[in-house]
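> Below is one structure. I have some questions about it.
The values are calculated or read from the model by the stated rules, or taken from the named source; none is laboratory data. Just so we're clear, the structure is a prediction, and the values are computed from it rather than from any experiment. Note: ideal-geometry Cβ built from the backbone for every residue, glycine included; neighbour counts use all protein chains shown.
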Amino acid sequence: MAELVRLGRQIEDLYGAPQDIEWALALPSPAGRGVGGEGSFAILQSRPITALPKPEAAPPTKWKLPENAYIAMRNNIVELMAEPLSPLFGTLGLAAVNASMGRLLSDFFGRTDIMPAELIITVNEYAYYNGSISLVGMGRVLLGSVGIMRRMFTGAVERWTKLGRPRYVATVERWQAVRWRDLPATEILDAVRELAEAAIDAYGALVGGVIPAAWITEGLFTAVYNTLIKRRSDPPAAAYLLGFDSIPILATKSLYDLAEWARTRDGLAAFLLRTPTAQIAAQGDRTPPDVDEIDWRGWRDRFQAHLQRYGHTIYNLDFANPVPADDPAPLLEACKLFLSGQGTNPHVRQQVSAEQREQATQAVRDRVKGLRLRWFAKFLGLAQKYAPLREDGLAEVGLSYPLLRRMLHELGQRFVQGRMITESDDIYWLIQDEVGQGASRLDRGEALDDLSATVPQRRAIWDAARRAVPPMALPTILGKDIAQLKKGRGRKGNTLKGVAASPGTVAAAARVLHGPEDFEQMRPGDVLVAAITTPAWTPLFAMASAVVTDVGGPLSHGSIVAREYGIPAVLGTGVATRRIKTGDRVRVDGERGRVEILES
């Protein structure tokens, strides 16, 4: 038996994973001789065990701030990190976030000692914005507020259009031109760090000018319009900001145009409509049966051109999540929706919105005179200037992600060859120090540590954290966070409260989606329920009758796009994805910011 155990361990070490082993024991022959030796073992076959139970962990119940932090919130950049963070992004990614955002705030404040060293911290795998400023720091911010605001809004647009975006694009293009697969592992890892930090620098250029300018100018225009201009029969202030093209809207138009092109080719259209999305994505250059070869090549070329232009939009700031360029299945689902004749023509919708906007604007100009008209024109012009820039910028935050993920995949493959992990994507479940040490050992030709058993354990912790409801602010008071106490968001009963982000009322079945892996479940007319929506979620708005999110406000992406699509939206409920289940019938009141569960 000891010999059999020794063989089993040897085989498992050889393949680097638990094995299902078939063996035979040679018994003595009638002549007294055993085959291969009396009592010897023969190995017949070995294959990986695929049915092992996955490790499980209990969801966290205590939400304790780390030392030197006394208050933290899930807002600002954290809204792009709604899910628990992968171990690699929670270390390497957050290092880039903290370095970049630290530089930005130091520039605005004029000194480096006001904000905490770690601006973004994690509690139970969730990201939190660390608001733990000292009393001295608060005093300096208040005393220097005029100068801070002046530095923030001087050249706000140019900070993105003339500096942030060109610098980001140049960094990505420089690494695209390099034969980086030939580089040592440590240099590829350095490139990953540079690309990650470039992405956050670009976001910083937005949040340091365009984004707050968009928030403030829309808020000012809304206040001026509601106070001095609006009559009961007039449209809401948001109507004057609709109908403008932005990258998410242009991406939707591109998918619609692709579907319209495919519709005129019968064999291709029939194949796309009847074939599962995963199979279409895996078809590659092979022409399917009953599809004209030229049509299939035209489809592939057009779809690849779409991915080349729009495939970098992110679902989540965590680079462990694929972008459409990596996994185009969600885009194919949207394209199939348009091909089937469902969904709204985005060209017509935008044209109607633009015409209604111009009619409403002209009506005010015809009716209002003097100082009120000058204020209306001034603040409307500013709001219309910044709103499209904000959506364009947010859609381009992920420009480096397709390349960055290919680099991490290359490192992951090298780690698999070195028996450090089992699959290349397991690299996202390692922390920065482990990846750095592995890369250094590879370059020195040394053996790597076997971390394959660590991956499922960390996945279990992440899965458990995902089942928890992170407080919107820490510390909690009597089990409730500050956001709950302030807004009265209920966790009991059938009504959820949030931010009234887009007007209208709809009652329909809910569809809870946690990420792009769930997009194929969306059906036309469903109420889209998600933790947060980013530009990559935009194609789903063509199918949704309403939108409800855990995180977000009246000026977030979900609000802007919902208004463009003319569907109700209630954002920032805090608990929608936990309280609402797929199939529940819900009523979404985008005017009052309420979601009522009518039937479970």
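> May I ask you to verify whether residue 131 is surrounded by fewer than 18 Cβ atoms within 10 Å (Cβ to Cβ), modelled with pLDDT under 95 and touching a strand residue (DSSP E or B) at 6+ places or on another chain (Cβ under 9 Å)?
Values: surrounded by fewer than 18 Cβ atoms within 10 Å (Cβ to Cβ): yes; modelled with pLDDT under 95: yes; touching a strand residue (DSSP E or B) at 6+ places or on another chain (Cβ under 9 Å): yes.
Criteria met by residue 131.
> Which pairs turn up if I take residues in the stretch 262-273 that are among the polar types (S, T, N, Q) and look for partners that are not in a loop (DSSP other than H, G, I, E, B) with beta carbon separation below 8 Å, at least 6 apart in sequence or on another chain?
No pair meets every condition.
> Taking the stated definitions as given, is residue 122 part of a helix (DSSP H, G or I), in contact with a helix residue (DSSP H, G or I) (Cβ under 8 Å, 6 or more places away or on another chain) and either more than 21 Å from residue 465 (Cα to Cα) or among the β-branched types (Val, Ile, Thr) (or both)?
no
> From the residues in the stretch 141-166 that are among the charged types (D, E, K, R), closer than 24 Å to residue 111 by Cα and surrounded by fewer than 18 Cβ atoms within 10 Å (Cβ to Cβ), which one is farthest from the chain's Cα centre (by Cα)?
Ranking the candidates gives 150 first.
> Filter the stretch 74-110 for residues that are at pLDDT 90 or above and either surrounded by fewer than 19 Cβ atoms within 10 Å (Cβ to Cβ) or hydroxyl-bearing (Ser, Thr, Tyr) (or both) and give the result.
Within the stretch 74-110, 86, 91, 95, 99 meet the criteria.
> Let me ask you something else. Would you pick out the residues in the stretch 334-351 that are surrounded by fewer than 23 Cβ atoms within 10 Å (Cβ to Cβ) and under 18 Å from the mean Cα position of the chain (by Cα)?
Result: no residue meets the conditions.
> Yes or no: residue 171 at pLDDT 90 or above, under 28 Å from residue 402 (Cα atoms), within 26 Å of the chain's Cα centre (by Cα) and not small (Gly, Ala, Ser)?
Against the criterion (at pLDDT 90 or above, under 28 Å from residue 402 (Cα atoms), within 26 Å of the chain's Cα centre (by Cα) and not small (Gly, Ala, Ser)), residue 171 qualifies.
> Here's something else I'd like to know. Does residue 416 count as surrounded by fewer than 21 Cβ atoms within 10 Å (Cβ to Cβ), more than 21 Å from residue 327 (Cα to Cα) and either among the hydrophobic types (A, V, I, L, M, F, W, C) or in contact with a strand residue (DSSP E or B) (Cβ under 7 Å, 6 or more places away or on another chain) (or both)?
The answer is yes for residue 416.
> Between 528, 598, which is out of contact with any Pro (no Cβ under 7 Å at 6 or more places or on another chain), more than 18 Å from residue 344 (Cα to Cα), outside any loop (DSSP other than H, G, I, E, B) and of a type in the set (A, V, I, L, M, F, W, C)?
Testing whether each residue is out of contact with any Pro (no Cβ under 7 Å at 6 or more places or on another chain), more than 18 Å from residue 344 (Cα to Cα), outside any loop (DSSP other than H, G, I, E, B) and of a type in the set (A, V, I, L, M, F, W, C) leaves just 598.
> While we're here: Sort out which residues of the stretch 308-331 are outside any loop (DSSP other than H, G, I, E, B), at pLDDT 90 or above and crowded, with 18+ Cβ neighbours inside 10 Å, and write them in order of number.
Once the filter is applied, which keeps residues that are outside any loop (DSSP other than H, G, I, E, B), at pLDDT 90 or above and crowded, with 18+ Cβ neighbours inside 10 Å, the stretch 308-331 yields only 310.
> Looking at the stretch 515-523, can you tell me whether even one residue there is modelled with pLDDT of 90 or more and among the small types (Gly, Ala, Ser)?
no
> Only one residue in 563, 592 is assigned to a loop (DSSP other than H, G, I, E, B), basic (Lys, Arg) and within 30 Å of residue 207 (Cα to Cα), so which one is that?
Within the list 563, 592, the selection yields 592.
> Oh, and also: Could we say that residue 113 is surrounded by fewer than 17 Cβ atoms within 10 Å (Cβ to Cβ), acidic (Asp, Glu) and not in a helix (DSSP H, G or I) here?
yes
> Return the residue satisfying two criteria in turn: it lies in the stretch 416-429 and is of a type outside the set (Val, Ile, Thr) and touching a residue at least 12 places away in the same chain (Cβ under 8 Å), and of such residues it is nearest to residue 165 (Cα to Cα). Walk me through it before giving the result.
Of all residues in the stretch 416-429, those of a type outside the set (Val, Ile, Thr) come to 417-420, 423-426, 428-429.
Still in the running and touching a residue at least 12 places away in the same chain (Cβ under 8 Å): 418-420, 424-426, 428-429.
Values: 418: 38, 419: 40, 420: 37, 424: 31, 425: 29, 426: 31, 428: 27, 429: 30 Å.
Among them, the one singled out is 428.
> Let me ask something additional. For residue 546, indicate whether it is crowded, with 23+ Cβ neighbours inside 10 Å and either modelled with pLDDT of 95 or more or in contact with a Pro (Cβ under 6 Å, 6 or more places away or on another chain) (or both).
Yes.
> Further, regarding this structure: Residues that are modelled with pLDDT under 80 and out of contact with any Leu (no Cβ under 6 Å at 6 or more places or on another chain): does the stretch 196-209 have at least one? Lay out the reasoning, then the answer.
So the first thing to find is which residues in the stretch 196-209 are modelled with pLDDT under 80, and the list is 208-209.
This time we only want the ones that are out of contact with any Leu (no Cβ under 6 Å at 6 or more places or on another chain), so: 209.
So far as the stretch 196-209 goes, yes, one or more of its residues are modelled with pLDDT under 80 and out of contact with any Leu (no Cβ under 6 Å at 6 or more places or on another chain).
> Right, something else. Check off (1) under 30 Å from residue 304 (Cβ atoms); (2) in a helix (DSSP H, G or I) for residue 240 and give me the number that stays unchecked.
Of (1) under 30 Å from residue 304 (Cβ atoms); (2) in a helix (DSSP H, G or I), only one is false for residue 240: (1).
Listed here are the residues, each with its yes/no results for (1) of a type in the set (D, E, K, R); (2) in contact (Cβ under 8 Å) with a residue 24 or more places away in the chain.
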{"residue": "98", "(1), (2)": "no, no"}
{"residue": "107", "(1), (2)": "yes, yes"}
{"residue": "144", "(1), (2)": "no, yes"}
{"residue": "161", "(1), (2)": "no, yes"}
{"residue": "164", "(1), (2)": "no, yes"}
{"residue": "168", "(1), (2)": "no, yes"}
{"residue": "177", "(1), (2)": "no, no"}
{"residue": "189", "(1), (2)": "no, yes"}
{"residue": "194", "(1), (2)": "yes, no"}
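> Counting only residues that are touching a helix residue (DSSP H, G or I) at 6+ places or on another chain (Cβ under 9 Å) and either within 30 Å of residue 376 (Cβ to Cβ) or part of a loop (DSSP other than H, G, I, E, B) (or both), how many does the stretch 243-269 have?
9
Rundown of residues vs (1) among the hydroxyl-bearing types (Ser, Thr, Tyr); (2) more than 30 Å from residue 424 (Cα to Cα); (3) surrounded by fewer than 16 Cβ atoms within 10 Å (Cβ to Cβ); (4) assigned by TED's automatic domain parsing to the domain that holds residue 98, yes/no style:
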{"site": "177", "(1), (2), (3), (4)": "no, no, yes, no"}
{"site": "190", "(1), (2), (3), (4)": "no, no, yes, no"}
{"site": "193", "(1), (2), (3), (4)": "no, no, no, no"}
{"site": "202", "(1), (2), (3), (4)": "no, no, no, no"}
{"site": "226", "(1), (2), (3), (4)": "no, yes, yes, no"}
{"site": "233", "(1), (2), (3), (4)": "yes, yes, yes, no"}
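> When you scan the stretch 500-520, how many residues do you find that are buried (at least 22 other Cβ atoms within 10 Å of the Cβ) and over 21 Å from the mean Cα position of the chain (by Cα)?
1
> Within the group 413, 432, 457, which residue is over 20 Å from residue 95 (Cβ atoms), polar (S, T, N, Q) and touching a residue at least 12 places away in the same chain (Cβ under 8 Å)? I'd like the intermediate steps shown before the answer.
Values: 413 fails: touching a residue at least 12 places away in the same chain (Cβ under 8 Å); 432 fails: over 20 Å from residue 95 (Cβ atoms).
Matching residue, one of 413, 432, 457: 457.
> For a quick check of your reading of the model, give me the residue pairs whose first member lies in the stretch 393-405 and is at positive phi, whose second is not basic (Lys, Arg), with beta-carbon atoms closer than 7 Å and at least 6 apart or on different chains.
Close Cβ pairs (under 7 Å, with a partner that is not basic (Lys, Arg)) do not exist here.
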